[in-house]
Amino acid sequence: EKPIIVGEFSCNLPNFTEAPVAMTMYLGDRAYDWDVWKPRTIWRKLIRWQCDAWRVARFAGINPWYHNTKFWPELMPLETVVLKDQQRSFFSGEKTFLRAFLLNDTLRDRDYTVSWAIQNGRNTVFTTKRKFSINGGDMQKFDLSLDLPPVTSPADMMLEISVIREGKVVNTEKYELRVRPKAHLVWPSNTVLFDPGGRSMSLLKDLGIV
């Protein structure tokens, strides 16, 4: 009998999911932007996210028909970094990390260097790298550290992640980031916080709000 296959109707037949309503749970209001939708970039992004989720879960029944599309290298690159955390908005000067997976879905054991950088226009404001050794068909979880630059007004930046093998870049992924100044609230002189457990004040202090 035919095994369970995920995503069978979303690969070669995008008309099954091409209605904007079906996309909003993944992409928000951008699903209604026809200029973005027209070249099917949203459809490709949706399929890529589906593939990433199943691959990280090590699900064996990923749709075998994906190879029929010209977008195959984009949908399921054999060597790539998949971000589990989809956070794209950060505060000025924030130090944090995104949970990530390095996938080696080739049939050979490989040594990799993963390099990532934050670009603010033409300027590189943060860069670092890390080495990995991964068996063929395996993956490795890691924390992708980020040091966000200081900003005085909201700024759009780009996170670029490259997988390097034997001195050559075999895959690069780019993600748009938004960096905002830290929020500073001016509290009225008669502000009262009802916090019987003492946790709300602690959280506000950790966030730098008070």
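The values are calculated or read from the model by the stated rules, or taken from the named source; none is laboratory data. Note that the coordinates shown come from a computational prediction; the quantities given were computed from them, not determined experimentally. Cβ placement follows ideal geometry from the backbone for every residue including glycine, while neighbour counts extend to all protein chains displayed. To get the accessible areas, we keep the full protein, side chains included, count just its heavy atoms, and leave off ligands, DNA and RNA. Shrake-Rupley method; radii C 1.70, N 1.55, O 1.52, S 1.80 Å.
Below are the figures for this structure:
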{"item": "Any hit, region 139-147, residues being in contact (Cβ under 8 Å) with a residue 40 or more places away in the chain, of a type in the set (Gly, Ala, Ser) and surrounded by 13 or more Cβ atoms within 10 Å (Cβ to Cβ)", "result": "yes"}
{"item": "Complete set of residues in region 70-102 that are open to solvent by 40 Å² or more (accessible area, probe 1.4 Å) and in a strand (DSSP E or B)", "result": "89, 91, 95, 97, 99"}
{"item": "Residue identified as of a type in the set (D, E, K, R), open to solvent by 70 Å² or more (accessible area, probe 1.4 Å) and assigned to a loop (DSSP other than H, G, I, E, B) among 205, 174, 182", "result": "182"}
{"item": "Leading residue by the ranking (farthest from residue 90 (Cα to Cα)) among those in region 103-129 that are basic (Lys, Arg) and surrounded by fewer than 15 Cβ atoms within 10 Å (Cβ to Cβ)", "result": "108"}
{"item": "Residue count, region 29-51 (criterion: open to solvent by less than 60 Å² (accessible area, probe 1.4 Å) and either over 19 Å from residue 75 (Cβ atoms) or at pLDDT 75 or above (or both))", "result": "6"}
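The rows are residues; the columns are (1) assigned to a strand (DSSP E or B); (2) of a type in the set (Gly, Ala, Ser); (3) touching a Leu at 6+ places or on another chain (Cβ under 6 Å).
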residue: 113; (1), (2), (3): yes, no, no
residue: 119; (1), (2), (3): yes, no, no
residue: 131; (1), (2), (3): yes, no, no
residue: 140; (1), (2), (3): yes, no, yes
residue: 145; (1), (2), (3): yes, yes, no
residue: 153; (1), (2), (3): no, yes, no
residue: 157; (1), (2), (3): yes, no, yes
residue: 160; (1), (2), (3): yes, no, no
residue: 169; (1), (2), (3): yes, no, no
